[in-house]
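Heads up: the structure comes next, in structure tokens.
The values are calculated or read from the model by the stated rules, or taken from the named source; none is laboratory data. Treat the numbers as computed from the prediction; the structure is a model and nothing was measured. Please note: Cβ atoms are built from the backbone with ideal geometry, for glycine as well, and neighbour counts cover all protein chains shown. Just the protein is used for accessible areas: all its heavy atoms, side chains included, with ligands, DNA and RNA removed. Shrake-Rupley method; radii C 1.70, N 1.55, O 1.52, S 1.80 Å.
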Amino acid sequence: MSERMLRDKILPVLSAMSMLLAIGMIIFYLPDMKGAMGETLDMSFRIFYFHMPIAITSYLAFTVVFVSSILFLRTGKYSYDILSRSAAEVGVIFAFLVLVTGSIWAKATWGWYWVWEPRLTTSLALFLVYVAYIVLRQAVDGADKRARLASVFGILGFISVPLSFLSIRLWRSAHPLMFGDTSGSSGGGLEGTSLQLTLLVNVIAFVLLFITLVVYKMQNEMMEERADEIRASLD
Amino acid sequence: MIRILHIAAKDLKEEFRTKQMLNSMVLFSLLVIVVFSITFAPILGSSQDVAMVAPGVLWIAFIFAGSIGLSRSFVAELENGCLEGLKLCPIGRSSIYTGKMMANMVLMLLVEIITVPLFAIMFNFSITGLFWLGIIIFLGTVGFVCVGTLLSALTVNTRTREILLPVLLLPLVLPALIPAVMATGSILMGASYGDISQELRLLLVYDVVFFLVAQLVFEYVIQD
């Protein structure tokens, strides 16, 4: 019973609270950002605190898909398939939000919504691969075959992503590198505890949100399967 | 190894008996070139502009022709239970994949050999660095066919197989397509090996990684 409590009550409350805290920190707690020249940066920079945690969460989601796809192929346990399909669906939404928040930010700072640039193109490729994953799931009849083929594609897709990042890196990047390059021209390194703290809280909030969504999605899927079983037994 | 060649030979023999697939692939890739040549007619006079669009056009032609070829690759095996027969053969499942891949590879290379000269004529373009161009096209095609053969076996089980294949294939070959297009562009502009070594290395990595992964997972794709 306690597991159910955790799932139904504590998780959503916790993720809602951390989300509120995260948004509050972005709006009220963050000091003004200073650019490389000491000038005050635009408010638009604050979207970064959504953008990056969402991006991290979408990578996390697809890593979950990858690992659970491998586990499904190795063990044949159906619960891994439910996990990978739930994580993929939530992950696609996050990947889409990465593109949206990124585009809004790009419009404000670079002046365009879209540039053909490594990080952006990789994010787009990531999004497309997992949209294809969902399309594939819908096109296969038979639960067992669907799980098997989708797992294969989940593995292939995950491998292609770092490769596409490498291949696109052959272009010159305009995307700011947030860490490891403190002298960067556009944004530079993140320094100062308040900034790092805000970022950390946001990452935690989005990962919690992701976990909550996946748990709910999995529950949904299991209930759906149960309903199908009952329906089949009635026929 | 010899068994792999047997499977490839079987596929090719079947294909050359009718040449159905090869003809439509070649025709399709020529049509793509022609359509692009018509739409880009205003810039065909300036070789600078042609060099900008040429690699993209060439690879689009290859990839479109390749996708229609690949989408039929496993369909023929489904009829009369051929795939069952192949699975009963005393060979590893991955050998079936490799044999199929080699047959597809031969078909695609034939299409490319015919397309490239016609491309040069239609786009009024003199091709330089033929050796390195050949290497790039070869490596790019290997990557494309590696993933394509696997996905062809995968989509053959789905309801909308011919439509689904390009949808699944294109995002996955993106990492091979980008260096291939970039390297083709540089070579056509007269670059030497030094300028494209990075792209070639990436293509090689892509080919090796996907070939090995496909060997590992192919078994799951055709098991019933």
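At the interface with chain A (Cβ under 9 Å from one of its Cβ atoms), surrounded by fewer than 23 Cβ atoms within 10 Å (Cβ to Cβ) and within 21 Å of B:MET102 (Cα to Cα) - does that describe any residue in the stretch B:189-202?
No - not one qualifying residue is present in the stretch B:189-202.
Which members of the stretch B:174-188 meet the condition of being more than 8 Å from chain A (Cβ to nearest Cβ), closer than 11 Å to B:ILE136 by Cα and open to solvent by less than 20 Å² (accessible area, probe 1.4 Å)?
Within the stretch B:174-188, B:ALA180, B:ALA183, B:THR184, B:GLY185, B:ILE187 meet the criteria.
State which residue is nearest to B:GLN215 (Cα to Cα) when the search covers only the stretch A:126-152 and only residues that are in a helix (DSSP H, G or I), within 7 Å of another protein chain (Cβ to nearest Cβ) and without any contact (Cβ under 8 Å) to a residue 40 or more places away in the chain.
The extreme case among them is A:LEU149.
Within the stretch A:134-156, identify whether any single residue is among the hydrophobic types (A, V, I, L, M, F, W, C) and modelled with pLDDT under 85, and answer yes or no.
yes
Just checking, does the stretch A:179-201 include any residue being under 30 Å from B:LEU150 (Cβ atoms) and either modelled with pLDDT of 85 or more or open to solvent by 60 Å² or more (accessible area, probe 1.4 Å) (or both)?
no
Of all the residues that make up the stretch B:189-207, how many are modelled with pLDDT under 85 and touching a Ser or Thr at 6+ places or on another chain (Cβ under 7 Å)?
Adding up the residues that qualify gives 3.
Residue check: is B:LEU78 at negative phi, crowded, with 16+ Cβ neighbours inside 10 Å and touching a residue at least 60 places away in the same chain (Cβ under 8 Å)?
No; evaluated as a whole, the condition is false for this residue.
Could you pull out the residue among B:VAL142, B:VAL147 that is at pLDDT 90 or above and open to solvent by less than 10 Å² (accessible area, probe 1.4 Å)?
B:VAL147
Before we move on, is B:ASN104 open to solvent by 10 Å² or more (accessible area, probe 1.4 Å) and touching a helix residue (DSSP H, G or I) at 6+ places or on another chain (Cβ under 9 Å)?
Answer is yes for this residue.
I'm trying to understand the selection: among the residues of the stretch A:89-119, which are among the small types (Gly, Ala, Ser), in a helix (DSSP H, G or I) and modelled with pLDDT under 85?
Answer for the stretch A:89-119, where residues must be among the small types (Gly, Ala, Ser), in a helix (DSSP H, G or I) and modelled with pLDDT under 85: A:ALA106, A:ALA108.
Among the residues of the stretch B:150-169, count how many are aliphatic (A, V, I, L, M), open to solvent by 10 Å² or more (accessible area, probe 1.4 Å) and facing chain A (nearest Cβ under 8 Å).
Number of matching residues: 1.
For B:TYR206, state whether it is within 9 Å of chain A (Cβ to nearest Cβ), more than 21 Å from the chain's Cα centre (by Cα) and closer than 27 Å to A:VAL135 by Cα.
Taking the combined requirement at face value, the residue does not satisfy it.
Between B:GLY81, B:GLY56, which is more than 13 Å from B:VAL145 (Cα to Cα), of a type outside the set (A, V, I, L, M, F, W, C) and at pLDDT below 85?
B:GLY81
Looking at the stretch B:120-138, is at least one residue within 15 Å of the chain's Cα centre (by Cα), away from chain A (no Cβ under 14 Å) and more than 22 Å from B:SER192 (Cα to Cα)?
no
Can you pull out the residues in the stretch A:153-162 that are more than 8 Å from chain B (Cβ to nearest Cβ) and among the small types (Gly, Ala, Ser)?
Answer for the stretch A:153-162, where residues must be more than 8 Å from chain B (Cβ to nearest Cβ) and among the small types (Gly, Ala, Ser): just A:GLY154.
Quick check, is A:SER84 under 17 Å from the mean Cα position of the chain (by Cα), under 16 Å from A:LYS217 (Cβ atoms) and polar (S, T, N, Q)?
The answer is yes for A:SER84.
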